[in-house]
Structures are given as C-alpha cells and as structure tokens.
Amino acid sequence: LPRVLSGIQPTADSFHLGNYLGALKQWVALQDDHDAFYCVVDLHAITVEQDPATLRRRTLVSAAQLLALGVDPDRSALFVQSHVPEHAQLGWVLQCMTGFGEASRMTQFKDKSQRQGTTGTSVGLFTYPVLQAADILLYQAQRVPVGEDQRQHLELTRDLATRFNNRFGPTFTLPEAYIPPGAAKVLDLQMPDKKMSKSLPPAGCVNLLDDPKVTAKKIRSAVTDTGREVVADPAGKPGVTNLLTIHAALSGQTVPQLEEHFAGRGYGDLKKELAEVVTDALAPVQARTAELLADTAELERVLAAGAARAREVAAPTLAAVYDRVGFLPAG
Ligand code: TYM
C-alpha cells in the first residue's frame, strides 16, 4: 500500500473547520487504501511559547478528536511526535542541509515571526519547516494530506529529499501534497480575505468542539457580500462562496446543486441551513471526543501502539541516513 503521513499541532482546545475540511477529512478517507501515519506534532507546538499543563491537555484532546473524526487505530498509526525521537534526530541532519536563504523564503515563517516580534521569534520557529520535512521523509510517505497553506513546506521537503538523494544515494521517497479541490482554504467567517485560523479573533473561526449555539451564532454573523443572490463568485462574493464551499464539503452536494437549491432565496436561508449542516455533522464528533476524554486509558494505549508502529518505520530510515552521512556506528 502507498504510504501517507500528516501532522497537526496541538495548539488549541479544539480543531476548526479549516483543519477538518482542508486536511483531516482526507486523513480519514486515505486510510482505506494507504498505509497511514498520523501525528500530533508537539515538537512543532513549542516553536511558540506553550504552557506545559495546557500543552499536555491539548495533546490528548487533539488525539481524541482525531479518533472521533474517524482515524482508525486498527488501520493507521496515530502517535505523538515527541514519542518518536527519530523526528528530532533526522530534523537536525536536514537542518544542516538547508540553506539559510532557502529557509528565509518560507512565507508562513514570515507571517508568524511578524506576529511574535523579533524577541519572541525562536530559532525553532525558523527551522520548523525542516522538522516537518523530517516528519514526512522518515516514513517514505508518497502522499501528504494538507491544506493549501502547507504547499510551500511540501516543496521544501521535496527539495531536501532530492538534495540528500543526489549527494548520498537514493534514500528518501519524494512526497506529494494531497490537497483537496474544494476546501483547501477555508476562509475566516469575519475576514473572508484570510484563511480560517485560531490566531484570528474567535468570531470568524468555527471550532469542532464549539457549543451548537455558538456555532449557529458565528455562522449567522458571518460577513456576506453585497447583492442578494446565493451564487459562488470567489472574487466578487468571497464570504458567500466560503459558506457554499463549507456546505458542499459537509453535505456532499456540489456547489452548482446548492446554487440551484437556494435560487430565489437569500443569505439568511443559506446561513440557517448551513448552521444545521455543521452542527449535525459535529454532534457525533463532540460526543465521541467527550467519551474518549472521560477515561484516557484507551487513548493512551492507542498512542503507545501508534508510536511503536511508527518507530518500526522511522528507525531504519534514520539508521540509513546516519550511515550515509558518515556517522560512526555506535557499536
Ligand atoms: P496546522 O496544525 O496549522 O494545521 C493542520 C492542517 O489543517 C490545515 N488547515 C487548513 N486547511 C484549509 N483551510 C484552513 N483555513 C486551514 N487551516 C489549517 C493545514 O494546512 C494542515 O494540513 N505544519 C503543519 C503541521 C505539520 C505537518 C507535518 C503537516 C507538522 N509536520 C508533516 C503535514 C506533514 C501545521 O502547522 O498544520
């Protein structure tokens, strides 16, 4: 089976609709015909300051949500990044093969470091994409399901793999980004010129674990556009287009079908129906997440088994890398 790997940061109390539709939905679907490795990337999380107790809690809540969304531990290895030391180890080797200028071109670093300021920006935030490359290359992953915002990091990963292979001989599989056609970039409900993100004010971000009333209110208050017709027009009507995209991704209907369905009706009807579609989809996820968190023994068992499975694949890759770069065997 082809390999797939992806990761998500445990940096919020809940994932949001952008995470789900841009990436996690594909994580679940790809399990059917891929050998899948999915990780909660706590090493990535500490590139910005984290409170230790909060990080630990969010790591568990993240794993619970992934299982609740349908990641199946019988078919996929679900693990915590810091449980598999090979990530940090390969990360270092790849850092030594990354140009300073090359890393400086990462647009996500430019955005995030601007938010953190010069004193708050860690060197880890700068080398973050190289650790991400290590995550992927350790497993020889062919596909990496992510949202549009990760495209540049995947390009860097391919460049590093190619460079290593050319210099030391064939070692790494070249991965491809697996980006969904519809919802690769879910937009913020209040600022539909920006991607939905936990770093913007909460009103524009629909969290998977939000109370249904809160979700309905966020959708009702979504910024729409001038005009009255419910039609998709990404340039002219980004807000309405975003609501249609979310609806389509969750209901399985196409955007043209939805345009027909809402013909002659207004934005209010769209928002009302969308709130129902979203809260109906999230209700079972919320119930299952709560169940898994009520007694974390099962969750911990799943994560331990996932890490053991991950190390079976990661350790031989790292051993080959250490050998090829010329490290003396530890004996
Ligand atoms: P993170 O934790 O920020 O986001 C997790 C996933 O959600 C996607 N995403 C979105 N998709 C569509 N619309 C949005 N508004 C939106 N917001 C977030 C992201 O593209 C991502 O797929 N660097 C990664 C984590 C990572 C990783 C990896 C991913 C670490 N190692 C290895 C893949 C492979 C990140 O910060 O994602």
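The values are calculated or read from the model by the stated rules, or taken from the named source; none is laboratory data. Note that this is a predicted model, so its numbers are computed, not measured. As a convention, Cβ positions derive from the backbone with ideal geometry for all residues, glycine included, and neighbour counts pool all protein chains shown.
Return yes when Val71 is within 15 Å of the ligand (Cβ to nearest atom), among the β-branched types (Val, Ile, Thr), assigned to a helix (DSSP H, G or I) and over 19 Å from Pro175 (Cβ atoms) and no when it is not. Don't jump to the end; show me each part of the working.
Details: within 15 Å of the ligand (Cβ to nearest atom): yes; among the β-branched types (Val, Ile, Thr): yes; assigned to a helix (DSSP H, G or I): no; over 19 Å from Pro175 (Cβ atoms): yes.
Criteria not met by Val71.
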Residue under evaluation Val144, criteria (1) touching a Ser or Thr at 6+ places or on another chain (Cβ under 7 Å); (2) more than 12 Å from the ligand (Cβ to nearest atom); (3) not in a helix (DSSP H, G or I), criterion not met: (2)
Output for region 10-43, where each listed residue is within 10 Å of the ligand (Cβ to nearest atom), buried (at least 22 other Cβ atoms within 10 Å of the Cβ) and not in a helix (DSSP H, G or I): Pro10, Phe15, His16, Phe37, Tyr38, Cys39, Val40, Val41
Selected residue [within 14 Å of the ligand (Cβ to nearest atom), modelled with pLDDT of 95 or more and either among the aliphatic types (A, V, I, L, M) or not in a loop (DSSP other than H, G, I, E, B) (or both)] from Ala63, Ala53: Ala63
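Among the listed residues Tyr128, Tyr178, identify the single one that is surrounded by 22 or more Cβ atoms within 10 Å (Cβ to Cβ), at pLDDT 95 or above and within 17 Å of the chain's Cα centre (by Cα). Quick ask: steps written out before the conclusion?
Values: Tyr178 fails: surrounded by 22 or more Cβ atoms within 10 Å (Cβ to Cβ).
The conditions single out Tyr128.
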Given (1) within 12 Å of the ligand (Cβ to nearest atom); (2) part of a helix (DSSP H, G or I); (3) surrounded by 14 or more Cβ atoms within 10 Å (Cβ to Cβ), number of the condition Asp111 does not satisfy: (3)
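Residue-by-condition table, conditions (1) more than 22 Å from Ser199 (Cβ to Cβ); (2) touching a residue at least 40 places away in the same chain (Cβ under 8 Å); (3) of a type in the set (A, V, I, L, M):
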{"residue": "Gly120", "(1), (2), (3)": "no, yes, no"}
{"residue": "Ile136", "(1), (2), (3)": "yes, yes, yes"}
{"residue": "Arg143", "(1), (2), (3)": "yes, yes, no"}
{"residue": "Leu160", "(1), (2), (3)": "yes, yes, yes"}
{"residue": "Arg163", "(1), (2), (3)": "yes, yes, no"}
{"residue": "Lys185", "(1), (2), (3)": "no, yes, no"}
Qualifying residue in region 151-160 (condition: within 12 Å of the ligand (Cβ to nearest atom) and among the hydroxyl-bearing types (Ser, Thr, Tyr)): yes
Which numbered condition Pro170 fails, given (1) part of a loop (DSSP other than H, G, I, E, B); (2) within 12 Å of the ligand (Cβ to nearest atom): (2)
Residue ID - surrounded by the fewest Cβ atoms within 10 Å (Cβ to Cβ), chosen from residues in region 181-204 that are more than 12 Å from the ligand (Cβ to nearest atom) and outside any loop (DSSP other than H, G, I, E, B): Pro202
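Can you report the number of residues in region 91-108 which are assigned to a helix (DSSP H, G or I), touching a residue at least 24 places away in the same chain (Cβ under 8 Å) and more than 12 Å from the ligand (Cβ to nearest atom)?
The first filter runs over region 91-108 and keeps only residues assigned to a helix (DSSP H, G or I), leaving 91-95, 100-104, 107-108.
Remaining after also requiring touching a residue at least 24 places away in the same chain (Cβ under 8 Å): 91, 93-95, 102-103, 107-108.
Filter once more, so that each one left must be more than 12 Å from the ligand (Cβ to nearest atom): 93-95, 102-103, 107.
Qualifying residue count, region 91-108: 6.
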Candidate set from region 46-73 (those that are buried (at least 20 other Cβ atoms within 10 Å of the Cβ) and of a type in the set (Gly, Ala, Ser)); member that is nearest to Leu125 (Cα to Cα): Ser62
